[in-house]
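The values are calculated or read from the model by the stated rules, or taken from the named source; none is laboratory data. The shown structure was predicted, so the numbers you read here are calculated from the model rather than taken from an experiment. Cβ placement follows ideal geometry from the backbone for every residue including glycine, while neighbour counts extend to all protein chains displayed.
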Amino acid sequence: MRLVLVGPPGAGKGTQAQYIASNLSIPKISTGDIFRANVSGGTDLGKLAKTYMDRGDLVPDEVTIAMVRDRLSEDDAQDGFLLDGFPRNVAQAEILRDMLKDWSQALDLVLELVVDDDEVVRRLAGRRTCSQCGRIWHVEFDDKKDDKCDACGGALFQRDDDKEETVRHRLEVYQEQTAPLVSYYADEGILVGVDATGPVEEVTQRAMDAIRPYMG
Ligand SMILES: [Zn+2]
């Protein structure tokens, strides 16, 4: 099964990627992991990427694509994979399609985690981080009534990233970038949306139910 997972910030994509990949016995391939592996492994691509990151610049598409190509050519990815964080746009999606075609492969499915904006705001803007131990609590889900960490007594604060206006802005950026990608895959007939609200296990279950009909 060759799968791409997309979803907005706060949809629990990283967690679902892990569960789904392990249920399907395929490697979870995230661009974050690929970057870290290349940089810490000191590969040529890693060194190149690092020159951009050290300057605070975005790593160019060609570098990301080359890293993805290397990763997808490894042995463990030959019978399937779950991609998380790539492709990010239609141009990358077309490159991925051509790359797979060169290997006589194709994507089976693109799974979109669907959560409405207000739910994402509720999840992210309710997060409070401990200033001492870094643990994250949730005002609603952890029933936090004070602003002290239950683990160490440290003061809790709201990270700038978790502020409502920042979250809303990230959602807008996501929609702008992802909407064309999602409709590209809808046109290809391989897009399936999964309701990503509710407990983690239920979302995984829904995702697996959605995937099953596409399994060869
Ligand atoms: Zn703490």
Checklist line | Subset of the range 196-208 [of a type in the set (D, E, K, R) and under 18 Å from residue 4 (Cβ atoms)] | finding: 206
Margin query: For the range 13-38, which positions are surrounded by fewer than 17 Cβ atoms within 10 Å (Cβ to Cβ) and either on the phi < 0 side of the Ramachandran plot or basic (Lys, Arg) (or both)?
Written below: 14, 15, 18, 22, 23, 32, 33, 36, 37
Note to self: Let me spell it out: the conditions are (1) outside any loop (DSSP other than H, G, I, E, B); (2) more than 22 Å from residue 18 (Cβ to Cβ); (3) touching a Phe, Trp or Tyr at 6+ places or on another chain (Cβ under 7 Å), and residue 59 meets all of them except one. Which number is the exception?
What the structure shows: (1)
Check: Limited to the range 72-106, what total is found for residues that are of a type in the set (Val, Ile, Thr) and at pLDDT 95 or above?
Finding: 1
Item checked: Matching residues, the range 139-169, being within 14 Å of the ligand (Cβ to nearest atom), in a loop (DSSP other than H, G, I, E, B), surrounded by 11 or more Cβ atoms within 10 Å (Cβ to Cβ) and not basic (Lys, Arg) -> 142, 147, 149, 150, 151, 152, 154
Note to self: Filter the range 94-138 down to the residues that are free of Cβ contacts under 8 Å to residues at least 12 places away in the same chain, within 16 Å of the ligand (Cβ to nearest atom) and part of a loop (DSSP other than H, G, I, E, B) and list them by number.
What the structure shows: 134
